[in-house]
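Please read the structure below before turning to the comments.
Every number in this text was worked out from the coordinates using simple rules, so none of it is lab data. Treat the numbers as computed from the prediction; the structure is a model and nothing was measured. In this analysis, Cβ positions are derived from the backbone assuming ideal geometry, glycine residues included, and neighbour counts consider all displayed protein chains.
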Amino acid sequence: MSDPTTAREAIALVTDDFSELPFTEGPLTGDGPIGWPGYSAAHARAADRTGETESVVCGTGTVGGVTAVLVSFEFRFLGGSLGERTGARAAAAHALARERRLPVVVLPATGGSRMHEGMRALLQLQYLARESELTRAAGLPQIAVLRDPTTGGGWATLGAGSDVVLALPGAQVGFAGSRVRPADADPAAYTAEAQLAHGHLDAIVPPGALRETLGRWLSLLVRPAEGPVAPPYALGDPGAPPAASGREAVARARHPDRPRAAAYLDAHFTLREEISGDRCGGVDPGMRCGFGRLPDGRTVAYAAQCGTATRPAGFRTAARLVRLADRLGIPVLTLIDTPGAANDPAAERAGAGTAIADLFAAVASARTPLTSLLIGEGGSGGALALAAPGNTWATPDSYFSVIAPEAATAILKRAPEESATTADQLRLRPRDLVDLGVVRGVVKERPRA
């Protein structure tokens, strides 16, 4: 199927066994809550034209083997606008999700609040936000699939308020609809592609891949592992002896051929889906976050540094991941590998300190079990922010330090050639970290079959 244009086409794109919730409201009379002239007639015409009685269709369906509550908007019905009846239906859908412990999938195509109902329509945003928060508090996942268009209050509540936000290619996405933007606004800024580039949604999915992608997401988010997960096996050279000096430990961790996060994720999980962006305008390619399936079928959340200086957006994305996993009861694995937090002027303007503090807070307050593996460089607070207190491990080709040896040498006003001596004094080798109680142990390579 090509891009869906109706609510039911969108539903058919993801499930074949949709069971609609029954709603028995009669025809709209009296021109609505504020007596908008001709509103009842316009509502009736929309019903005749679309075959729907409101701008949203709600029910349940199976996606990827998981039963979910579906909320799909009908844009042809008064622009998919949110009125009191729309809000009541969406609220009933959320209540059913909580009653039956089901995830919620929203398929918005909406221009925002319904002007014909004035402030009574705008209030639906508060009501829907509350319903979403109640569902969130119940530990149930919410996934949005943005259709064209998704603007106004629908984007600012059911869309952007979801845990995972997917979008169809080319969808118009933004708080401002096309008729209320500044005259000189660049239309490209109001697209799903732009929202992805600036960290406001997680992925763009072609219609033909949506059912499979959504099914993977749902299967991951409803099947958590129990208890803390074991750290991955080491992937480096199994025959290499332990680092004899601090300088050697640093050199091993910085070696270009040393296994990175991608290799560990590929080896540890049989299936993965990733979230993207910090929801504050930023994306850091050096921080990969998402949910993965272990060989035994259980789900683990992961946040993995990729060996680059971590930017504020990366720390915020990791904090978002930890909090989502905590709410869903999914254990977290973090892979630590960074020379440190980015400290250029752009990073400072983007709130490096605040972002690191927020990740420290997310890790410290998490109730779900966390496991961390140091797989390369562990540079200062930018690395420690991702470390699980009391459950951090190290690979043989890693180091952890209060600061990089070169920076420590400069701070101590030593000559640059003394950085090797400084590295030894910092006691940053894996075996030193075990002796200091910083890590629990050094992981071994996977046993050979």
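For the reader, a short list of remarks on this structure follows.
- GNM top mover of A366, A183, A234 - the chain, alpha-carbon springs below 10 Å: A183
- Dipole magnitude for the chain: about 700 debye, using +1 per Lys or Arg Cβ and -1 per Asp or Glu Cβ, origin at the Cα centre.
- Amide H within-cut-off set for H255, under 5 Å, with H built and near neighbours excluded: none
- Mean separation of Cα contacts under 8 Å, 6 or more apart, over the residue count of the chain: relative contact order %: 11
- Here r is the Cβ-Cβ distance between Q425 and C280 and R0 is 56 Å; the resulting FRET efficiency, rounded to 0.05, is 0.90.
- Calculated [θ] (222 nm, deg cm²/dmol) that DSSP helices of n ≥ 4 give over the chain, each run adding -39,500 (n - 2.57): -10000 deg cm²/dmol
- Fully extending the segment from D344 to T62, taken as 0.36 nm per residue of separation minus the present Cα-Cα distance, adds 96.7 nm.
- Paramagnetic label zone (point 7 Å from Cα along Cα-to-C-beta, A138; backbone N under 16 Å) in the stretch 88-124: 88-106
- The long axis of helix 312-328 is offset from the longest Cα principal axis of the chain by roughly 70 degrees.
- With contacts taken as Cα pairs under 8 Å and at least 6 residues apart, the stretch 7-221 reaches a relative contact order of 18 percent.
- Principal axis box of the chain, alpha-carbon based, largest edge first, Å: 84, 52, 36
- Cβ-Cβ FRET estimate between R45 and R223, R0 fixed at 51 Å, reported to 0.05: 0.65
- Ordering V434, V106, V164, V66 from the fewest to the most neighbouring beta carbons within 10 Å gives V434, V66, V164, V106.
- Highest-fluctuation residue, L433, L374, L412 considered, GNM on the chain with Cα pairs under 10 Å: L412
- The separation of the stretch 78-105 from the stretch 201-221, counted between C-alpha centres, amounts to 21 Å.
- The long axis of helix 352-365 is offset from the longest Cα principal axis of the chain by roughly 90 degrees.
- Amide H contacts of I275: C289, G290, F291, each under 5 Å away and 5 or more positions distant or on a separate chain (H built 1.01 Å from N in the peptide plane; Pro and chain starts excluded).
- For the chain, share of DSSP beta bridges that run antiparallel, in % to the nearest 5: 40
- A230 versus A410: modelled label distance in nm, points set 7 Å from Cα along the beta carbon direction: 4.2
- Y399, Y264, Y190, Y233 arranged by Cβ crowding within 10 Å, fewest neighbours leading: Y233, Y190, Y264, Y399
- Residue of A171, A189, A144 that the Gaussian network model of the chain assigns the largest fluctuation, springs spanning Cα pairs under 10 Å: A189
- Close amide H pairs (under 5 Å, H built 1.01 Å from N) link W393 with S372, L373, L374, R440, residues at least 5 positions away or on another chain.
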